[in-house]
Amino acid sequence: MAGVASLGIRLFEGSTDRYHASLDRFYRDERTARSSEGGELLDAARRNWHGSLPPAPTDLLDRTTFALTTSEAEFLSERVRRSAPDSLLAASLSATVTRQRQARAPWDLGKLDALAPRLQEDIEDAQRYSLAMEGAVLLYNRMLAELSVERAISTDPGRVERFGQDLDRWADEMEGSLDGLRT
């Protein structure tokens, strides 16, 4: 729920449990809100959610997907642009960054040199961190493969060799990235 709060979509300040506990009082206060004789609301209306939030789909509790409708996508894009204008996500929603279907990581996107220097540095740091962590994963998997062969859990010694080749490729990449890693 923190993500929707940081984007200004959820306006209630507090935990999910506090939100649920406050709903009865919220709706009671809403029913008893003071109005003028002309029907104008005198008390400021308290909102839990952004006023432009698109309505929930009728089958929300039966079938939920990440496929957004046009109005949902426009709303979410606008919230990102307004709440996190200097973020990579906001830049990715603009024409600044070239979207690519096969981009597996932010550094695989196009036109990153057009981003603010801080974002470029963050992406480079993320790429270096990802590379370093990949080695830990590959080593762990190779050790598991060796152990599974040693204990006759697996009869496929090819896995040990494949992880060894992956570790060799990773070591070559690390060597090529040493200057960046040192900084």
Checked against the positive end of the charge dipole of the chain (+1 on Cβ of Lys and Arg, -1 on Cβ of Asp and Glu, about the Cα centre), the farthest of THR69, TYR129, GLY180 is THR69
Between (1) 1.59; (2) 0.98; (3) 1.79, the structure-derived Cα Rg over 2.2 N^0.38 Å is (1)
Under a Gaussian network model of the chain whose springs join Cα atoms within less than 10 Å, the largest fluctuation of SER15, SER87, SER130 belongs to SER15
Spelling it out for SER154: with amide H atoms placed in the peptide plane at 1.01 Å from N, the residues 5 or more places away or on another chain with amide H under 5 Å from its amide H are VAL149
Comparing ARG151, ARG169, ARG142 in a Gaussian network model of the chain (Cα, 10 Å), the one with the largest mean-square fluctuation is ARG151
Plugging the Cβ-Cβ distance of SER130 and ASP29 into 1/(1 + (r/R0)^6) at R0 = 41 Å yields, to the nearest 0.05, a FRET efficiency of 0.30
Here segment 106-113 yields Karplus 3J(HN,Hα) values (6.51, -1.76, 1.60; θ = phi - 60°; whole Hz; Gly and Pro given as x) of x, 6, 8, 6, x, 6, 5, 5
With +1 on the Cβ of every Lys and Arg and -1 on the Cβ of every Asp and Glu, the dipole magnitude of segment 117-182 about its Cα centre, in debye rounded to the nearest 20, is 260 debye
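Using only DSSP helix segments of four residues or longer, with each worth -39500 (n - 2.57), what per-residue ellipticity at 222 nm results for the chain after dividing by its residue count and rounding to 500?
Calculated from helices alone, the mean residue ellipticity at 222 nm is -17500 deg cm²/dmol.
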Mean-square fluctuation maximum in Gaussian network of the chain, Cα pairs under 10 Å, restricted to ALA95, ALA171, ALA152, hits ALA152
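Where a number appears in this text, it was derived from the coordinates with a stated rule and is not lab data. As the structure is a computational prediction, the values presented were derived from the model and not from experiment. Because the Cβ atoms are built from the backbone with ideal geometry, glycine has one as well, and the counts that use them run over all protein chains shown.
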